[in-house]
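Q: Structure incoming, see below.
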Amino acid sequence: LLVKSKKLWQKAVCLTALGVQVAAIGFTGSKAGILGTGIAFGLWWWLKQKRYWRFFGMALGVGLLILGVSYLGLNKKIDPRIPEDRRRIWVKVFLGAVKRPIIGYGVANVDYAFEAVEWPYRTNKGQDIYVDKAHSQFLEVLATTGVIGLGVYLWLLGSVGWRLYKDRTKLWEMTLLIVLGLHVFYTQINVISIAQEVLFWLVLGVVAGES
């Protein structure tokens, strides 16, 4: 409506709704929400550009990703010895997944992968934190369903993303692609709810129905 509607009141309602959501993210201080809002506008701009600008945007995104990973790895203020630290959870779940790489530990069994290794120090049994989510969807799929499940999941993401990207000039497909991109971003840094999972399967269903 915001883009296509010719009625001023409809545009006003859409802008108000968007403004309220952005303000809510800002007032709550949600870093992921603030970053996600920036990524959403960045994706919108990127999808509307010519090929060389899209290449530049892709290179910039990869560069920022490398910087982010380097920050997590080199920042001394982030101490993986803290039990609840994300980096400790990610590394432990990954190392546990390596022990059962083909089929994983089974759906919803991230805790088995987490408890399969000791890193970066040993803990007495029953005295460590309990982790049932990997705080990264890719890592969680790998730990629970192995490389087979991760391969299928990446194939689904790639197929849906490519199908939408080919029709990116259409507003509906562009919107779905941005939703999918934000879902992929957010699910790599936090625990997600069923409501957020619905977004992925909704996009998948719409694309499958249109195909």
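The values are calculated or read from the model by the stated rules, or taken from the named source; none is laboratory data. Since this is a predicted model, take the numbers as computed values, not measurements. Note that we place each Cβ from the backbone using ideal geometry, even for glycine, and neighbour counts take in every protein chain shown. In case anyone asks, the SASA skips ligands and DNA or RNA and just uses the protein heavy atoms, side chains included. Shrake-Rupley method; radii C 1.70, N 1.55, O 1.52, S 1.80 Å.
Q: Report, by residue number, each residue of segment 105-127 that is among the hydrophobic types (A, V, I, L, M, F, W, C), surrounded by 14 or more Cβ atoms within 10 Å (Cβ to Cβ) and under 21 Å from S193 (Cα atoms).
A: Passing the criteria: V110, A113, F114.
Q: Could we say that G161 is more than 13 Å from the chain's Cα centre (by Cα) and either charged (D, E, K, R) or open to solvent by less than 30 Å² (accessible area, probe 1.4 Å) (or both) here?
A: So G161 passes the test.
Residue-by-condition table, conditions (1) surrounded by fewer than 19 Cβ atoms within 10 Å (Cβ to Cβ); (2) more than 21 Å from K31 (Cα to Cα); (3) of a type in the set (V, I, T):
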site	(1), (2), (3)
T175	yes, yes, yes
G181	no, no, no
Y186	yes, no, no
Q196	yes, no, no
W201	yes, yes, no
E210	yes, yes, no
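Q: Also, I was wondering about something else. Determine whether R168 is out of contact with any Gly (no Cβ under 8 Å at 6 or more places or on another chain), closer than 21 Å to G36 by Cα and open to solvent by 40 Å² or more (accessible area, probe 1.4 Å).
A: yes
Quick grid of which residues meet (1) modelled with pLDDT under 75; (2) open to solvent by less than 90 Å² (accessible area, probe 1.4 Å); (3) not polar (S, T, N, Q):
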position	(1), (2), (3)
F41	no, no, yes
M58	yes, no, yes
V91	no, yes, yes
I103	no, no, yes
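Q: Given (1) touching a Gly at 6+ places or on another chain (Cβ under 6 Å); (2) surrounded by fewer than 13 Cβ atoms within 10 Å (Cβ to Cβ); (3) free of Cβ contacts under 8 Å to residues at least 40 places away in the same chain, identify the lone condition not met by Y130.
A: Status for Y130: all satisfied but (1).
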